[in-house]
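Coordinate-derived values only; no laboratory data. None of these values were measured; they are calculated from a predicted model. Quick reminder, even Gly has a Cβ in these numbers, built from the backbone with ideal geometry, and neighbours come from all protein chains shown.
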């Protein structure tokens, strides 16, 4: 290998590994595209937040701290621009009966109305309440779900609670993963926030007699490592056309290149999960 090609090889290696590190770090704070449709309800937009790990759950979670988009419900008549989420806790363990957020509410089966603003990236939400009461799980949210805020017009703030009833798989009435949605208006009653629900779809508490909400929920949250892998491929493409530069590289040099880049990539991904 000539001195010039060796120098160019080193620069290429540094560039690839540096880009992997930069993109991997940026991927910790990310966003997710979501959509809701069915039962006269439509919504879509972007969820903002970051990946977190919690005790008691092996996969990274996406903790939502903001949102934008649009919401419409033909039943309640509410419509408007989504502008955030109702603030909640920062979780270090999986939500449970005694570990989730809630807001006083009317028009829900079991007030108050619960939420935790957590997205389960792999669609594998766990059982988060007493399994003797409700054993079902699965979906992008758990039974508490996401609480979006939107501009309901006339100076009013609207709320949209989206949750998963889980994988309803009783043989007598197999539905699959089922989602629920409620929406209404936010107000203050006795100095406390209050959620007046105007439409409630998806009360899975009566399952298996319950027949499903007909609501579809889609969430696309890229894995933290995906951006780094893409960065490697994108930077390597221009180098393919310069095969002659690397043709004289020894086998040991090529092995060293692959080993070093793999090590850096693994280290970057490990830091994301912390």
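Can you give me the convex hull volume of the Cα atoms of the range 85-134, divided per residue and expressed in Å³? Don't skip to the answer; put the middle values down first.
On the way: hull volume 5.5 nm³, N = 50.
Per-residue hull volume (Cα only) is 109 Å³.
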Open item on the list: Give me the base-10 log of I(q)/I(0) for the range 31-220 at each q in 0.12, 0.15, 0.16 Å⁻¹, Debye formula, one uniform scatterer per Cα, rounded to two decimals.
Closed with: -0.52, -0.84, -0.97
- [ ] Could you work out how far apart the two model spin labels at residue 68 and residue 190 are, taking each label as a point 7 Å from the Cα in the direction of the beta carbon, and quote it in nm?
- [x] 3.9
- [ ] Describe numerically, in nm with one decimal, the distance between label points set 7 Å from Cα along Cα→Cβ at residue 104 and at residue 89.
- [x] 2.0
